[in-house]
Amino acid sequence: MKVLFVGDGQLGQMLGASGIGYGHECLLYSTRTQEVKPLSAHVSLPWTLTEAIAWADVVSWEHEAIPADVIAAAHDKFLMDPSRIKSLTDRRAEKKLFDDCRVATSPWQSYGTPAELEKLLRQTTQPLVLKAARGGYDGKGQWRFRPGDDIAECVAEAGKEPGIAEHLIPFEKEVSLVGARGKDGSVRCYPLTTNVHTQGILSYSLGGIDVVPEALQKQAEQAFHRLTDALSYVGVFAIEFFVVEASGQTQLLINEVAPRVHNSGHWTMSGANCSQFDLHMRALTGMPFPELRIEPTLMLNVIGAKQIPAGLWHHQDAQCHWYNKEPRPGRKVGHVNVRTANPDTALSWVKQWAEKLQLLA
Ligand code: ATP
Ligand code: MG
Ligand code: MG
């Protein structure tokens, strides 16, 4: 089949590589430069967006900010309504979806103006996290507020744009569920992945290493079904949760969703019989999902580093991925997967390599 992906970042590249492995033809459309690109940087393709859409059998995306002109021109080539995906780029719509689907989330309110934010800050008795409604990623566009903090200072920063204010959650840890829903409604999910963030950026994920109680996996998959059914979603979808202890019970609170392949699913490239990229390709092309078999795997992000040290490229236990991006502090430029079922081994890898591989802002 011929597949056009909206977005040409690392997720698009990895989706395309999977597609090629299945024998499909894939193009990426850069929403930044408005260029249509083949997967090899050495081939030039003087195609317009209109020609690429006409060429494609199916159009999908690596990021949810799908431009209006693509939605209009390609609407019959998407396997689901792309405007539903785009609506999730606004945190107000996203949180409302959680409430509508009865998926427990941190209590929240929205604000549209600095005056509304100020009122909300005056009234709160809770520590809050303020998040810009649009455009935030890797912890950008977020502010913390505790009762007693300087309100005017906070409003001057966070009140520049509309946003949401939600309770700060004293979580035990963070986990994510990555799975896929097919056009026929069938669903496959990987086990919950434990994620550790540094300065709001995903530092590493433990895929299948840090086993969570069966009840949590069930709760997460119920949320997956509710949300993806409500969206009539087709493809890979990721959900980030906080694990909290409430009256002696462990529970999940949803933080946010990513209607696409997700960084916390990169471990599946080494640790599963079918990676998240392969699952997405199968969903797009109507291929059945296999039963998922996994091998516990650590995924360590490469952030801002100029290169991955040769010692890792040559290491028999490390699978290195380099995104060929210009390194900047705080920018994800690669990742390293290491298969191990032993949490201590995984943490010793993190201890040995995280500082060398991660240059944060
Ligand atoms: P991503 O890169 O995952 O898309 P993002 O910028 O969209 O990140 P969030 O996932 O909402 O932002 O927040 C980033 C991190 O900040 C979370 O993983 C979590 O560690 C922390 N965080 C966010 N909201 C809360 C909250 N309500 N309570 C406690 N910590 C929070
Ligand atoms: Mg996010
Ligand atoms: Mg997040």
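Where a number appears in this text, it was derived from the coordinates with a stated rule and is not lab data. Keep in mind that this is a model prediction, so the values were computed, not measured. Using ideal geometry, Cβ is built from the backbone for each residue, glycine included, and neighbour counts are taken over all protein chains shown.
Going by C-beta contacts inside 10 Å, put Lys119, Lys306 in order with the fewest on the left. All intermediate terms of the calculation are to be shown ahead of the outcome.
Working: Lys119 15, Lys306 9.
Listed from fewest to most nearby Cβ atoms, that is Lys306, Lys119.
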Would you mind telling me which residue in Thr125, Thr228, Thr340 has the biggest mean-square fluctuation in a Gaussian network model of the chain, where springs connect alpha carbons within a distance under 10 angstrom? Thr125
What residue among Gly159, Gly271, Gly248 shows peak mean-square fluctuation when the chain is described by a Gaussian network model with Cα springs under 10 Å? Gly248
Taking the Cβ of each residue in Met80, Met14, Met287, Met281 as the centre, tally the other Cβ atoms inside 10 Å and list the residues starting with the fewest. Met287, Met80, Met14, Met281
Measuring from label point to label point, each 7 Å out along Cα→Cβ, what is the Arg293 to Ala68 span in nm? 5.0 nm
Phi-derived 3J(HN,Hα) across region 315-323 with the Karplus relation (6.51, -1.76, 1.60, θ = phi - 60°), rounded Hz, x for Gly and Pro, is 6, 5, 9, 10, 10, 9, 10, 10, 8
Taking the Cα centre of region 1-139 as the origin, how large is its charge dipole in debye, to the nearest 20, when only Lys and Arg (+1) and Asp and Glu (-1) carry charge on their Cβ atoms? 540 debye
When the charge dipole of the chain is computed with +1 at the Cβ of Lys and Arg and -1 at the Cβ of Asp and Glu, the Cα pointing farthest to the positive end, of Gly16, Ile308, Ala65, is that of Ile308
Residues whose placed amide H lies under 5 Å from that of Ala272, excluding near-sequence neighbours: Glu295
May I ask you to evaluate 6.51 cos²θ - 1.76 cosθ + 1.60, the Karplus curve with θ = phi - 60°, for each residue of region 92-101 and list the ³J(HN,Hα) values in order in whole Hz, giving x for glycine and proline? 5, 5, 5, 5, 5, 4, 4, 5, 4, 8
Using only alpha carbon positions, build the gyration tensor of region 42-113, then give the equivalent ellipsoid semi-axes as the square roots of 5 times its eigenvalues, largest first, whole angstrom. 33, 13, 11
Using DSSP to define loop residues, name the trypsin sites (Lys or Arg not before Pro) in region 148-182 whose beta-carbon has at most 13 other beta-carbon atoms within 10 Å. Lys160
With only Lys, Arg, Asp and Glu charged, each at its Cβ (+1 for the first two, -1 for the last two), find how big the charge dipole of region 173-357 is about the Cα centre; round to the nearest 20 debye. 560 debye
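With charges only on Cβ, +1 for K and R and -1 for D and E, what is the dipole size of the chain about its Cα centre, in debye, rounded to 20? Walk me through the intermediate numbers first.
Values: 36 positive and 40 negative charges, 56 e Å.
That gives the chain a dipole magnitude of about 260 debye.
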Could you work out the helix-only [θ] at 222 nm for the chain, with each DSSP H run of four or more residues adding -39,500 (n - 2.57) and the total divided by the number of residues, to the nearest 500 deg cm²/dmol? -9000 deg cm²/dmol
With the label point 7 Å along the Cα-to-beta-carbon line of Tyr137 and a cut-off under 20 Å to each amide N, the hits in region 316-339 are 321-336
How large is ³J(HN,Hα), in whole Hz, for each residue of region 227-240 in order, when computed from phi with the Karplus curve 6.51 cos²θ - 1.76 cosθ + 1.60 and θ = phi - 60°, using x for Gly and Pro? 6, 6, 5, 4, 8, 6, 6, 10, x, 7, 9, 10, 10, 9
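Ratio of alpha-carbon Rg to the 2.2 N^0.38 Å globular estimate for the chain, to two decimals, please.
Working: Rg = 20.5 Å, N = 361, 2.2 N^0.38 = 20.6 Å.
That ratio works out to 0.99.
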Cα→Cβ-extended label distance, 7 Å offset, between Ile151 and Gln199, nm: 3.2 nm
Take Ala361, project a point 7 Å from its Cα along the Cβ direction, then tell me which residues of region 73-113 have their backbone nitrogen under 19 Å from it. 91
Between Lys173 and residues 5 or more places away or on another chain, the pairs with built amide H atoms under 5 Å apart involve Val243
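Please report the net charge: other residues with Cβ closer than 15 Å to the Cβ of Glu172, K and R +1, D and E -1. Kindly include the intermediate steps, with their values, before the conclusion.
Details: positive: Lys173; negative: Glu174, Asp210, Glu240, Glu245.
Result for the neighbourhood of Glu172: -3.
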Extending each Cα 7 Å along its Cβ direction at Val187 and Ala115, get the distance between those two points in nm, one decimal. 4.4 nm
Mind scanning Lys95/Lys183; Lys96/Lys332; Lys86/Lys183; Lys37/Lys77; Lys140/Lys332 and naming the pairs with a C-alpha gap bigger than 21 Å? Lys95/Lys183; Lys96/Lys332
Amide N of region 189-213 lying under 14 Å from the label point, which is placed 7 angstrom from the Cα of Arg144 along Cα→Cβ: 197-201
Which one, Ala115, Ala54, Ile294, projects farthest toward the positive side of the charge dipole computed for the chain from Cβ point charges (K/R +1, D/E -1)? Ala54
Would you list Ser87, Ser205, Ser18 from fewest to most Cβ contacts within 10 Å? Ser87, Ser18, Ser205
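Net charge near Phe98: determine it from the other residues with C-beta under 12 Å of the C-beta of Phe98, scoring Lys and Arg +1 and Asp and Glu -1. Before the final figure, lay out the partial values.
Values: positive: Arg91, Arg92, Lys95, Lys96, Arg102, Arg226; negative: Glu94, Asp99, Asp100, Glu166, Glu240, Glu256.
With Lys, Arg at +1 and Asp, Glu at -1, the net is 0.
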